[in-house]
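A short write-up of the structure that comes next.
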Amino acid sequence: MIGKTGLLRRLAWLVVLTGILIAVAVEPVSAQQPTPSDDDVNRVAKQMYCPVCENIPLDVCPTQACAQWRELIRLKLSEGLTDEEIRQYFAEQYGDRVLDVPPARGLNWLVYVLPPLFIAGGVWIVARVFRSMVKPSAENAGASLETTPTPSVAEDPYVAKIEEELRRREREGG
Amino acid sequence: MLANIGFGVLVVSFITSLYGIIASIIGVRKNSLAWVESARKAMQITFPLITIVALAIILLLVTGQYQVQYVYNVTSSTMPLYLKITALWGGQSGSLVFWAWLMSAFTTAVTLRKWERDREFLPWVILVGLVTLTFFLSLILFFENPFVRFWVTAAGNQVISMFPPAGAAPLIPADGRGLNPLLRHPGMIIHPPMLYLGFVSFVIPYAFAVAALVTGRTDDRWIRITRRWTLVAWLFLSLGLVLGSRWAYDVLGWGGYWAWDPVENAAFMPWLTGTAFLHSVMIQEKRGLFKRWNMILIILTYALVIFGTFLTRSGVLSSVHSFAQSAIGPMFFGFIALSMIFSVWLLIWRWQILHAEGNMHSLLSREALFLLNNLLFMGILVVVFWGTVFPLISELFTGQKVTVGPAFYERSTGPLFAALLLLMGIAPLSAWGHSTVKTLGKALWKPALAALAVVIAAFAGGIRNGWALFGFLLVSLVIFITLFEYFRGVTARRRRTGEGWLAALFNLMARNRRRYGGYIIHLGVVLMALGIIGIEMFQTETQGTIPPGGSLRLGRYEVTFTRLDIFDANDGRNVARATVLVSKDGRMVGELHPRRDLYFDSMQPMTIPGVRSTIEDDLYVLLVDWQPISSTGVTFKVFHNPLINWLWIGGFVFILGMLVAAWPDKDPQPVPVAVRRGQAIPSRSSGD
């Protein structure tokens, strides 16, 4: 059985604990930012997508669900979260698809790595093509025309015109 | 009755195209002209047949036959007549019919040309055209029949089928669901046909490429025959892309013109390979190089055309464009795979005879720079393709879908586009065969100086964004080089002929349309680039909720809300229309009416911006939300889009250039052979 003094002591502890809890709860409120503007909200929402309205950025999506998300962003901003923290919050809640670009981890690395690799491969192929195909023109190499079957047409306008004329006739014939 | 007729003719079209395939194969195997001619006739008959199918659908749409499922899905009694007609391509099955109809028109047109010199190509061109057409007809017939109807059985169940189940009666809904509101825009009426025209006309050069591979006639004949077809395909595809951008700007209400949406990318990818092909074929024509590469490019373009249609029609990648979804995806996938396997096999088979007929002599020659241009186009293609399909791959392997948004594409393709602009400036100055740093530098320094002056002026005018200044440098460089090329050509012509400036300009272009049309296209591209730099680098926006009389400021602009009217329009929508006054630097410049339409039949909203357009910028106002006026007021989103209209002006110039380049030549006149050293050769060549 608890005595009167014990009861009072417990009540006192309860009051102190409640006070601490309220202080903890109220502390963030005292640290709240002024109400974020629509522009603040859109700055974050622009980099996010609603999973329902696929391929429509959150800042312009007209649905009610997206309007609620924007209000949630406003709330999070008012709680002092940074843009990145808010994006992470939504990604944890709803999956990575809410982010405008996949986070660079796991399989997602492929989206960033493969295109540069392909382009590098293309550069390598083009370089090989250049190396294998580029032969100096007869004039530059000091060689005879026989060694370079396709001399530069730019070198002799007369030859260029004749060649062009012959090609034109062939085209017109077709 | 009309639905039955349409369906019957559809079946006949399918059988006819199948017959054409068989006849052309027999014609080749037996080397029989009669069979090939029969196949040609079969192909030509498909056009009037599919025309009847399309007309039957249009009649059903116009007369409001809502017992037909397609009519019910895409029309309603409140829609105006022109929208009922264009609803032919407003849904899945109608779109496929429209695709097949255009395809039959193009393939029929190609069979009407003179084939005397290319008789060996004919059966293969027919075969490729008809296989593609038959594939689409099979999709329509077996998966997306536009003539299926609603029935109610004796037990009271609703059934959708072509023919009535035993004892069933027609079920006729009182009204249809109406066309998707996003499709009720003039831009969207023209945009899909342009894209489809671009798609189907790229089938023609592919068919000739296959014919060249199969017959082993791999010189540049097939390229010369298809040059104009390719230009026409490119013209329509480009027109489709520009119109699509304008539609997005006007209707989607996000203040931009291009969202890198998967379906936008689907149309953009064949455009990239098609553009690379257009440049690359010139190398083969002029220098006999890159025959293999040209084959690869046209095969890729064809595959991407089918892939693009697959993305648009299958709904495999969810997007704002995926209005119609169905189970035709596996069929498409199978067709793409088979056509790729067949094309690659042909390519490998003929690899050895596709050797180059010459060499490159200089890394700065035009052919070398065109090769670099192709590399850049392929780089952009890889980025766009990978970004488009990666969400699917991620979902397939991890079960989690991801979003690959504009930020990825813009960062990845930005440097590649900048390099393309630079090449666009330099390449026209280099010569076929051989160029040196000295010759290029000599041609380049004057335009480069002028471009530098523009950048200095922009800097002095207060622009401090380094990337924007770099963009302005590239844009001005290409503009000055292009104008300089025109100036050189016109002055040379005037010297020779004594013509006036305008006559010399006209005749210069008329006698070398390909070259000077190409320059106009380049000019269009850089003007578009100017608009893109403006909106990408300098766009600003603000959003706020304001009561009547309240204002929002954005830069030098102030938007003042005066009133909001909410009313029912007589075409089945509820309209919320705001009136705002716009002032710039304190001076009233106009009144805008941003609005939100809610379509009753589909219960879909549509946000239409109020836009004040000038050559300098757009002020783009969206009505975002509204509460009873007595409480909080109306929420507006305001965008300031500098230079955006240069995007549309550039698009117009671009199309003009393509028309110049693709305009058909007159019938050739006999030219006396008078080639003596020192005597000018009369030239009406399409040039380079």
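The values are calculated or read from the model by the stated rules, or taken from the named source; none is laboratory data. This structure is a prediction, so every number in the text was calculated from the model and none was measured. When we count neighbours, we look across all protein chains shown, and the Cβ atoms used for this are built from the backbone with ideal geometry, even at glycine.
Restricting attention to segment B:103-127, which residues are hydrophobic (A, V, I, L, M, F, W, C) and under 22 Å from the mean Cα position of the chain (by Cα)?
Within segment B:103-127, B:M103, B:A105, B:F106, B:A109, B:V110 meet the criteria.
Tell me, yes or no, whether segment B:253-263 has at least one residue that is in contact with a Gly (Cβ under 9 Å, 6 or more places away or on another chain) and away from every other protein chain (no Cβ under 13 Å).
yes
Tell me which residues, restricted to segment B:599-612, are crowded, with 17+ Cβ neighbours inside 10 Å and either touching a His at 6+ places or on another chain (Cβ under 9 Å) or closer than 19 Å to B:W626 by Cβ (or both).
If the condition is that a residue be crowded, with 17+ Cβ neighbours inside 10 Å and either touching a His at 6+ places or on another chain (Cβ under 9 Å) or closer than 19 Å to B:W626 by Cβ (or both), then B:Y599, B:M606, B:T607, B:I608, B:P609, B:G610 are the ones that fit.
Among residues belonging to segment A:49-59 that are crowded, with 21+ Cβ neighbours inside 10 Å and within 9 Å of chain B (Cβ to nearest Cβ), point out the one that is farthest from B:G253 (Cα to Cα). Outline the logic, then answer.
Just the residues of segment A:49-59 that are crowded, with 21+ Cβ neighbours inside 10 Å, to begin with: A:49-50, A:55-59.
Now drop any that are not within 9 Å of chain B (Cβ to nearest Cβ), which leaves A:49, A:55-57, A:59.
Numbers: A:Y49: 16, A:N55: 13, A:I56: 10, A:P57: 11, A:D59: 11 Å.
Top of the filtered list is A:Y49.
Could you check how many residues of segment B:487-514 are within 16 Å of B:L444 (Cβ to Cβ) and in contact with a Phe, Trp or Tyr (Cβ under 8 Å, 6 or more places away or on another chain)?
0
Looking at B:A503, B:A460 in this structure, which one is farther than 30 Å from B:N641 by Cα, surrounded by fewer than 18 Cβ atoms within 10 Å (Cβ to Cβ) and modelled with pLDDT of 90 or more?
Testing whether each residue is farther than 30 Å from B:N641 by Cα, surrounded by fewer than 18 Cβ atoms within 10 Å (Cβ to Cβ) and modelled with pLDDT of 90 or more leaves just B:A503.
In segment A:60-69, what residues are surrounded by fewer than 20 Cβ atoms within 10 Å (Cβ to Cβ) and within 13 Å of another protein chain (Cβ to nearest Cβ)?
Listed by number, the residues that qualify are A:P62, A:T63, A:Q64, A:A67, A:Q68.
May I ask you to list the residues in segment B:351-364 that are assigned to a loop (DSSP other than H, G, I, E, B) and more than 8 Å from chain A (Cβ to nearest Cβ)?
Matches in segment B:351-364: B:W351, B:H355, B:L364.
Would you confirm, using the coordinates I've provided, whether B:I348 is away from every other protein chain (no Cβ under 11 Å) and in a helix (DSSP H, G or I)? It would help to see each step written out before you state the result.
Working: away from every other protein chain (no Cβ under 11 Å): yes; in a helix (DSSP H, G or I): yes.
Considered against the rule, which asks whether it is away from every other protein chain (no Cβ under 11 Å) and in a helix (DSSP H, G or I), B:I348 comes out as yes.
Can you tell me which residue is farthest from the other protein chains (Cβ to nearest Cβ) among those in segment B:278-299 that are closer than 23 Å to B:P262 by Cα and buried (at least 24 other Cβ atoms within 10 Å of the Cβ)?
Result: B:I298.
Could you say whether any residue in segment B:605-619 is within 33 Å of the chain's Cα centre (by Cα), in a strand (DSSP E or B), farther than 30 Å from B:V526 by Cα and of a type in the set (D, E, K, R)?
Checked segment B:605-619: no residue is within 33 Å of the chain's Cα centre (by Cα), in a strand (DSSP E or B), farther than 30 Å from B:V526 by Cα and of a type in the set (D, E, K, R).
Being under 26 Å from B:G178 (Cβ atoms) and either of a type in the set (V, I, T) or not in a helix (DSSP H, G or I) (or both) narrows it down to one residue among B:I58, B:I50; which is it?
B:I58
Which ones in segment B:507-551 are more than 32 Å from the chain's Cα centre (by Cα) and either surrounded by fewer than 21 Cβ atoms within 10 Å (Cβ to Cβ) or of a type in the set (F, W, Y) (or both)? Explain how you work it out, then say what you get.
Of segment B:507-551, the ones more than 32 Å from the chain's Cα centre (by Cα) are B:542-551.
B:T542, B:T545, B:I546, B:P547, B:P548, B:G549, B:G550, B:S551, listed by residue number.
Does A:L117 fit the bill of being surrounded by fewer than 20 Cβ atoms within 10 Å (Cβ to Cβ) and over 27 Å from B:G256 (Cα atoms)?
yes
Any residue that is within 11 Å of chain A (Cβ to nearest Cβ), under 30 Å from B:R313 (Cβ atoms) and not in a helix (DSSP H, G or I) - is there at least one of those in segment B:390-399?
Going through segment B:390-399, the residues within 11 Å of chain A (Cβ to nearest Cβ) turn out to be B:390-391, B:393-399.
Then drop every residue that is not under 30 Å from B:R313 (Cβ atoms), which leaves B:390-391, B:393-399.
Those still in the list that are not in a helix (DSSP H, G or I) too: B:399.
Yes - at least one qualifying residue is present in segment B:390-399.
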